[in-house]
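Below is one structure, written out as C-alpha cells, with a few remarks after it.
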Amino acid sequence: MCGIVGYIGNKNACKILLEGLSRLEYRGYDSAGIALREKEKFNIIKAKGKLENLIKKIGNIDEIKSNCGIGHTRWATHGKPSENNAHPHNSQDGNIVVVHNGIIENYLEIKTNLIKKGYKFYSQTDTEVIAKLLDYYLKESNNDILEAINKFMLRVTGSYALAIMIKSRKSEIYVAKKDSPLIIGVNKDETFIASDVPAILKHTRNVYYLENNEMAKIIAGKVIFYNSYKTQIQKELCHISMSLSSAEKNGYEHFMLKEIHEQPLSVKSTINSYLKENKIQFACLNESKIKGYDNILILGCGSAYHVGVCLKYVFEKLCQIPVQVDYASEFRYRESILSKNTLVIVISQSGETADSLAGIKLAKLKNVDTLGIINVVGSSIAREVDYVLYTYAGPEISVATTKAYSAQLVLGYMLAIKFATVRKKINEEQYQTLIKQIKELPYQIEQILKDEKNIQHLSSQFINTKDIFLIGRNIDYAIVLEGSLKMKEVSYIHTEAYPAGELKHGTISLIEKDTLVIGSLTQENVIDKTFSNMLETKSRGAKLLAITSNEIDCNICDYTIKIPKTNDLFATSLAIIPLQIMSYYLSVLKGNDVDKPRNLAKSVTVE
Ligand code: G6P
C-alpha cells in the first residue's frame with residue numbers, strides 16, 4: 001500500500017527519494033510523486049502509473065539541486081489513480097506539502113467545514129484535506145507547527161503516517177503517525193524517512209520507529225521526538241541487521257521465484273531459532289500460561305488466514321484444544337464471545353495489516369492474552385501483542401507471499417507441538433518424532449523445488465484455462481485455499497477452493513468439459529473420499545490433477561504431482577510448493593506483472 005519516503009541531508013534528494021520509492025514498489029501503487037525543496041519554492045512532480053513515468057517526467061535527475069524532499073507511491077483509496085490525486089498534496093498557497101499513508105475516515109465532514117471557511121479543493125483525496133486542515137491550524141496557532149499537527153491529530157479519525165514540509169522551515173521535515181508504519185533512519189549528516197526498512201537500508205541501519213500519536217521534527221542527522229502533549233521524548237535507536245541482498249533479486253527473474261526458492265532457508269531458519277538442543281523453546285511463553293488456555297482464536301487476512309485454517313486442524317489434533325479461525329476483517333465487526341482463558345493468535349507477515357491490527361486491539365480490550373506470529377520485526381502488530389514469535393523468512397518483496405507463509409506454517413506447527421507436550425497430550429517419543437519430521441521439511445521442500453521444470457511444463461498446458469477448482473478435505477482444504485489464492489493473485493485465472501465434500505452441494509454445476517479440477521490428496525484418512533469427489537467431476541468432463549504423496553490410481557488422473565511423505569499434519573508445507581510454482585509460471589506465461597499483480601498491495605494498511 002502507499003509508500004512514504006523523505007530525505008534531508010547533503011546529497012541529491014531526488015535521487016535518494018526515487019531510489020527509496022523503487023524499494024517500496026512491492027507495497028503496490030498506481031501513481032507516484034515527489035516534492036523537493038528548491039531555494040524558496042517546492043518543486044512538486046507527480047505521475048500516474050509506474051515509477052518510470054515519474055522518472056521520465058523529472059528528466060535529468062543530476063541537474064536537480066535539492067537536499068530535502070518527500071516522496072510517495074499511492075495506492076488509490078479516495079479518488080481514482082490520476083496525476084491530480086497523486087501525492088504530495090499542498091495547501092492553497094503552497095506553503096504546506098504533505099504525503100500520507102492511511103485513511104482519514106472523517107475527511108468529508110472536515111472538507112465540508114473547510115469549504116465553508118473558503119478553502120478550495122482540487123482532488124478527491126483525503127490527503128488534500130490534511131494539507132488544508134494543517135494550513136488552517138497553522139494559521140490559527142500563529143505558525144506553531146507542533147501545535148497545528150497536534151490539533152490535527154485530535155481532530156481526525158482513521159490512520160496516518162505523514163511527512164510534512166513547510167516553506168518557511170527550510171531545514172526541517174515533520175512527521176506524525178497513527179496506525180500506519182513510519183521509520184526514521186539517521187546517518188551522520190542525513191536523516192531518512194520511510195514506510196519500511198528496505199527503502200533506506202542502503203544508507204543507514206540505525207532507525208527509530210515512530211509510535212502511535214507521536215510526532216517528530218526531522219533535521220539533517222538529527223531527530224527530535226514529541227508525544228501528543230508536545231513534550232519532547234527520547235526514543236531508542238534500533239539497529240537493523242537485515243542484509244541488503246535479501247531485498248534484491250539475486251539473478252532471479254522475479255522476487256516471487258526467488259522467494260519460492262528461499263523457502264527451505266526460511267523454514268530452516270525459523271525452526272533453528274526456536275529449537276535448542278532438540279527442544280522447542282519460546283522464551284516469551286511460560287508453561288503455566290500454556291496449560292491455562294481452554295481455547296484458541298486465530299486471526300489473519302489472506303494467506304495468513306489460510307495458515308490459521310491449517311493450524312486449526314493441527315492444534316485440535318495434537319493438543320485437543322478447540323480452535324476458531326476468523327478473518328480479522330470479520331472478527332472486528334462481530335459479537336465474539338471470548339472467555340478469559342482464550343489465547344488469540346494473530347498471524348501477519350507485515351505486522352501492519354490494518355484489519356489484523358484492529359482485531360488484536362479488540363481482543364486486548366476483552367482482556368485475553370494475545371500472541372503474534374509476525375515476520376517484520378518492530379512492526380505495529382508485533383508491538384501490540386502480549387507475546388511475539390517472529391518468523392525468520394527475511395524481507396519478502398513479492399506481493400504474493402510464499403516464504404513468509406511457509407515460515408508461519410512451521411512456526412505454528414512448533415507452537416502446537418509445544419502446547420501438546422506441555423499439556424501432556426503427547427509423550428516424549430511422539431515429541432521427538434514430530435521434531436524429526438519438522439526438521440526434514442526444508443529438505444523435502446528442496447526436493448520438490450528440483451521438480452520445478454516439470455511443474456513449469458505442466459503449467460504451460462493450463463495457460464488457456466478459464467476456471468480451476470481446487471478441492472480437499474481437512475488440511476487438504478487449507479492447502480487448496482492457499483493454492484487457489486496464489487493462482488488468483490498472480491495468474492488472474494478464476495479459481496475456487498472447495499471442501500471436496502461440498503462441491504456436490506451446488507458448485508459442481510459449474511464443472512464442464514475440460515474444467516481443471518485439482519485435488520490435494522495428502523490426508524490419509526480422507527484420500528479415498530476426496531478421490532471419489534474428483535471422480536464425480538471427471539464423469540462430468542473435468543480434467544484431473546492430483547497432488548499427493550500417496551499411492552493413487554494415476555491412470556484415472558490426467559496429471560499427477562508427487563510430493564514427499566511427511567506427517568499428515570505438516571503436509572501443507574509440501575503440497576503448497578507445486579501450487580506456488582504453477583501460479584508463478586502461469587503468471588509469467590500470461591505476461592503478468594508477477595511481483596506486483598494488478599490491484600493488489602503487499603501491506604494492506606486500510607480496512
Ligand atoms: C495482502 C497480501 C497477502 C497477505 C495479506 C495479509 O492481501 O497481498 O499476500 O496474505 O495481505 O498480509 P500480512 O502482512 O498480514 O500477512
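The values are calculated or read from the model by the stated rules, or taken from the named source; none is laboratory data. All values reported here derive from a predicted model rather than from experimental measurement. Every residue, glycine as well, gets a Cβ built from its backbone with ideal geometry; the counts of neighbours run over all protein chains shown. What goes into the accessible areas is simple: the full protein's heavy atoms, side chains included, and nothing from ligands, DNA or RNA. Shrake-Rupley method; radii C 1.70, N 1.55, O 1.52, S 1.80 Å.
Taking the square roots of 5 times each eigenvalue of the Cα gyration tensor of the stretch 453-575, largest first, gives ellipsoid semi-axes of 19, 17, 14 Å. Just the protein heavy atoms count here, and of the accessible area of the stretch 230-335 at 1.4 Å, carbon and sulfur take up 49 percent.
Probing with 1.4 Å while keeping every protein chain in the model, the per residue accessible area of the chain equals 38 Å². Computed over the stretch 220-374, the alpha-carbon pair-distance distribution with 10 angstrom bins reads 9, 27, 31, 24, 9, 0, each value a whole percent. Rounded to the nearest 10 degrees, the angle from helix 263-274 to the longest Cα principal axis of the chain is 80 degrees. Evaluating 6.51 cos²θ - 1.76 cosθ + 1.60 at θ = phi - 60° for every residue in the stretch 163-179, the Karplus couplings come out as 10, 10, 10, 10, 3, 6, 9, 4, 10, 9, 10, 10, 9, 8, 8, 8, 6 Hz, glycine and proline recorded as x.
Taken over the stretch 82-207, the alpha-carbon convex hull comes to 115 cubic angstrom per residue. The mean sequence distance of close C-alpha pairs (under 8 Å, at least 6 residues apart), as a share of the length of the stretch 128-242, puts its relative contact order at 20 percent.
Give the calculated FRET efficiency between SER141 and GLU496 to the nearest 0.05, with a Förster radius of 51 Å applied to their Cβ-Cβ distance. If you can, show how the numbers build up before the last one.
Working: r = 56 Å, r/R0 = 1.10.
Result of the calculation: an efficiency of 0.35.
In this structure the amide hydrogen of ALA546, modeled in the peptide plane, comes within under 5 Å of the amide hydrogens of GLY519, TYR559, THR560, ILE561, none closer than 5 places in sequence on its chain. Relative contact order for the stretch 196-280 using alpha-carbon pairs under 8 Å, separation at least 6, rounded to a whole percent? Result for the stretch 196-280 is 22 percent. Quick one: pull the percent of accessible area on the stretch 111-180 belonging to carbon and sulfur, 1.4 Å probe, ligands and nucleic acids left out. The nonpolar share, carbon plus sulfur, comes to 50 percent.
Compared with the dominant Cα axis of the chain, that is its longest principal axis, helix 572-589 is turned about 60°.
If R0 is taken as 60 Å, the Cβ-Cβ distance between LYS39 and ASN367 corresponds to a FRET efficiency of 0.60. Over every Cα atom in the stretch 203-288, the radius of gyration and the widest Cα-Cα span, Dmax, amount to 19.6, 50 Å. The C-alpha atoms of the chain define a longest principal axis, and helix 13-23 lies at about 20 degrees to it.
With both labels modelled 7 Å from their Cα along Cα-to-Cβ, the ASN53 to ASN525 distance reads 5.4 nm. The calculated 222 nm mean residue ellipticity attributable to helices in the chain amounts to -11000 deg cm²/dmol, summing -39500 (n - 2.57) over DSSP H runs of n ≥ 4 and dividing by all residues. Between ASN427 and ASN60, the modelled labels are 8.1 nm apart [label points 7 Å from Cα along Cα→Cβ].
Given the stretch 427-480, what whole percent of its Cα pairs are spread farther than 12 Å? Display every interim value, and only then the final one.
Numbers: 1114 of 1431 pairs.
Result: 78 percent of Cα pairs exceed 12 Å.
Relative contact order, whole percent, for the chain stands at 12, derived from Cα pairs under 8 Å and 6 or more residues apart. Once the chain from LYS436 to SER509 is taken as fully extended at 0.36 nm per residue, the excess over their C-alpha distance is 21.9 nm.
The residues packed around PHE255, meaning those with a beta-carbon under 15 Å from its beta-carbon, carry a net charge of -2 if Lys and Arg are +1 and Asp and Glu are -1.
The amide H of LEU182, built 1.01 Å from its N in the peptide plane, has LEU210 as neighbours under 5 Å, considering only residues 5 or more places off or on other chains. The modelled label-to-label distance for the pair LYS80/ASN599, using points 7 Å beyond Cα in the direction of Cβ, is 1.5 nm. Based on the Cβ-Cβ distance from ASN592 to SER460, what FRET efficiency comes out when R0 is 22 Å, to the nearest 0.05? Efficiency, from the Cβ-Cβ distance: 0.90. If the segment from LYS117 to ARG383 were pulled out straight at 0.36 nm per residue, it would be longer than the present Cα-Cα gap by 91.7 nm. Beta-bridge orientation, the chain: approximately 60 percent antiparallel, per DSSP, counting only bridges with both partners inside.
If one computes P(r) from the Cα atoms of the chain, what percent of pairs lie at distances over 33 Å? So the portion of pairs separated by more than 33 Å is 47 percent.
Per the 1.4 Å probe, what fraction of the accessible area of the stretch 1-51, in percent, lies on carbon and sulfur atoms? Could you put the intermediate results ahead of the total?
Working: 840 of 1570 Å².
Answer for the stretch 1-51: carbon and sulfur cover 53 percent of the accessible area.
Kindly work out what percent of the DSSP beta bridges joining two residues of the stretch 389-520 are antiparallel, to the nearest 5. The antiparallel proportion sits near 0 percent.
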